[in-house]
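Take a look at the structure below.
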Amino acid sequence: MSTRPKLRPLRLVVALGVSLMASGCATPEPAPGVATAAPSTPAPLPEGTLPYPLDNCLVNGRKFEHGPPYVFAYQGRELKLCCKRCLEDFNRKPALYLERLRGL
């Protein structure tokens, strides 16, 4: 009896892994309404966008002391966040953070 391991399951796992890696190579487009990080040279905001009324991050409340904020327009309003992680948090629950601007 041969002591060689059967390679068929290993080949299947390798083929599956390669196909998953190949399918993940393309950068997906963000879903409609999902904010993306501001480019290094921010694009002008659409005309009629309401200005951001605060001098700190909408998500965590920190002042913008460590560098320029991420600036983007969302539902007709300018928003500013301090970092990429806050952008990810905002995208998970935008209504929660927009509520903080109500009445301002």
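The values are calculated or read from the model by the stated rules, or taken from the named source; none is laboratory data. This one's a predicted model, so the numbers in the text were calculated from it and none came from an experiment. Quick reminder, even Gly has a Cβ in these numbers, built from the backbone with ideal geometry, and neighbours come from all protein chains shown.
Assorted remarks:
- If you filter the stretch 51-95 down to residues that are in contact with a helix residue (DSSP H, G or I) (Cβ under 9 Å, 6 or more places away or on another chain) and in a strand (DSSP E or B), you find that the one that is surrounded by the fewest Cβ atoms within 10 Å (Cβ to Cβ) is ARG77.
- Any hit, the stretch 54-65, residues being at pLDDT below 90 and among the acidic types (Asp, Glu): yes
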